[in-house]
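For reference, the structure is listed below as structure tokens.
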Amino acid sequence: MPRSIGRITAAELGVVINMADPYSVEVGEYYVRRRHIPPAQVLRLVLPRQAKLSAAELEGLRKRIDEHFDDHVQALALAWVQPYAVECQSITGALAFGLDTALCHHTCGRATLSRYYDSASTRPWSDHGLRPSMLLAARNVAQARALIDRGVAADFSLGLRGALPVQAYFLATHDAARSVRERIFPPPGKLTKMPLDVHVERNDAFRDHRDLVLVQTGLARLPYLDTLHWVPGALADHLTSFGGLLDQTQGQSTALAWIESGVTASYGTVSEPCNHLEKFPHPQKLLLHYLQGSSALEAYWKSVAWPQQGVFVGEPLAAPFARPSAWSP
């Protein structure tokens, strides 16, 4: 496990706002204020308000981003719900790596290993030539503002000496195909140097738990989310095929169901990935990068080996296990 020193902060984050989308404008400007993003690090442009961009629209967006942000900006917050995809890939994956047309012909195939996977780097643009991004996405503006507030409140709040432990749950279910991560779950128990309890269970009906900081499970639909209580900065995701189709209202639950329940960041795929472990967050890497003080964006991106089909959703700078630095708004 690489040792990360430091993290991405507001000083290195760019924000992209779609001026054609009222949600994007309100949420993006609120985020800029709450996180004190420098004016030069905000890009305001016009994008189609639709679920998927074309290859040409992607290249136009990438060109605007490259022209606007200098090499100081290491990562991006995208202030919208749609677009969340570019053809078969997520918009977060396509912005970082470009469009892989071969993958779109066979979405269950292998993807290219992310240069940022399990990296110690806190400067992905400088070190790896990519800017990881995360959507500031929620079901509505009120939920998005609450998401942002949770992210801000999370900073430096956990891992303190003498604090009551928070809880991480790794769940296998009756759905064997969606529970393939079980074999890479961390060992259960109390951490000796961190107030955190790790639980590994077989449980379809996960409910009525408190002080949750991390949950990973394998189900198509997520019952009982309204019974769960999350700490600010909590992460959660479920391994299923279409958790990244953020406009989906029927069928599989999406990452926005986690956000609505009070989670601060999540992940889901936008096209059929099959259940390759590499296309979903690795339980141990996600947990250990977060415990080192990485932001939600960094911990999630460093836990996915093949992230091209997966969209990262949440408040990117949330860092509950970080320690304060000289300037960390």
Screening PHE97, PHE156 for residues that are at pLDDT 95 or above and closer than 22 Å to ARG210 by Cα leaves only PHE156
Among LEU61, LEU47, the single one that is part of a helix (DSSP H, G or I), of a type in the set (A, V, I, L, M) and more than 19 Å from the chain's Cα centre (by Cα) is LEU61
Practice item. Answer yes if at least one residue in the stretch 297-310 is in contact with a Lys or Arg (Cβ under 7 Å, 6 or more places away or on another chain), part of a strand (DSSP E or B) and open to solvent by less than 10 Å² (accessible area, probe 1.4 Å), and no otherwise. Key: yes
Confirm whether SER54 is more than 25 Å from LEU147 (Cα to Cα), at pLDDT 95 or above, out of contact with any Leu (no Cβ under 9 Å at 6 or more places or on another chain) and of a type outside the set (Asp, Glu).
yes
Of those in the stretch 195-215 that are open to solvent by 40 Å² or more (accessible area, probe 1.4 Å) and part of a strand (DSSP E or B), the residue nearest to ALA153 (Cα to Cα) is HIS199
Here the qualifying pairs (Cβ atoms under 7 Å; residues six or more apart or on different chains; first in the stretch 13-26 and part of a loop (DSSP other than H, G, I, E, B); second of a type in the set (Lys, Arg)) come out as MET19/ARG44; ALA20/ARG49; ASP21/ARG49
When the stretch 56-95 is checked residue by residue, the ones that are within 24 Å of GLU12 (Cβ to Cβ), in contact with a Lys or Arg (Cβ under 7 Å, 6 or more places away or on another chain) and open to solvent by 10 Å² or more (accessible area, probe 1.4 Å) are LEU95
Subset of the stretch 1-12, residues part of a loop (DSSP other than H, G, I, E, B) and surrounded by fewer than 19 Cβ atoms within 10 Å (Cβ to Cβ), comes to MET1, PRO2, ARG3, SER4, ILE5, GLY6
Contact list, first residue from the stretch 144-172 and under 15 Å from LYS190 (Cβ atoms), second anywhere and in a helix (DSSP H, G or I) and open to solvent by 40 Å² or more (accessible area, probe 1.4 Å), beta-carbon distance below 7 Å, six or more apart or interchain, is none
Selection from the stretch 264-301 of residues over 22 Å from PRO165 (Cβ atoms) and either of a type in the set (Val, Ile, Thr) or modelled with pLDDT under 95 (or both) yields THR269, VAL270
Of (1) within 21 Å of the chain's Cα centre (by Cα); (2) in a helix (DSSP H, G or I), PRO83 satisfies every one except (2)
Filter the stretch 118-171 for residues that are within 18 Å of SER325 (Cα to Cα) and not in a loop (DSSP other than H, G, I, E, B); the one that is most open to solvent (accessible area, probe 1.4 Å) is ALA153
- Query: Going by the conditions given, is THR227 of a type in the set (S, T, N, Q), touching a residue at least 12 places away in the same chain (Cβ under 8 Å) and more than 30 Å from ALA51 (Cα to Cα)?
  - Reply: yes
Inside the stretch 231-269, the number of residues satisfying the requirement of being more than 19 Å from TRP306 (Cα to Cα), surrounded by fewer than 24 Cβ atoms within 10 Å (Cβ to Cβ) and not polar (S, T, N, Q) is 7
Return yes or no: is LEU245 over 15 Å from LEU147 (Cβ atoms), of a type outside the set (Lys, Arg) and assigned to a helix (DSSP H, G or I)? no
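The values are calculated or read from the model by the stated rules, or taken from the named source; none is laboratory data. Note that the structure is a prediction, hence the values are computed from the model and not measured. Heads up, the Cβs are rebuilt from the backbone with ideal geometry, glycines too, and the neighbour counts pull from every protein chain shown. The area values use the complete protein model at the heavy-atom level, side chains included, leaving out ligands, DNA and RNA. Shrake-Rupley method; radii C 1.70, N 1.55, O 1.52, S 1.80 Å.
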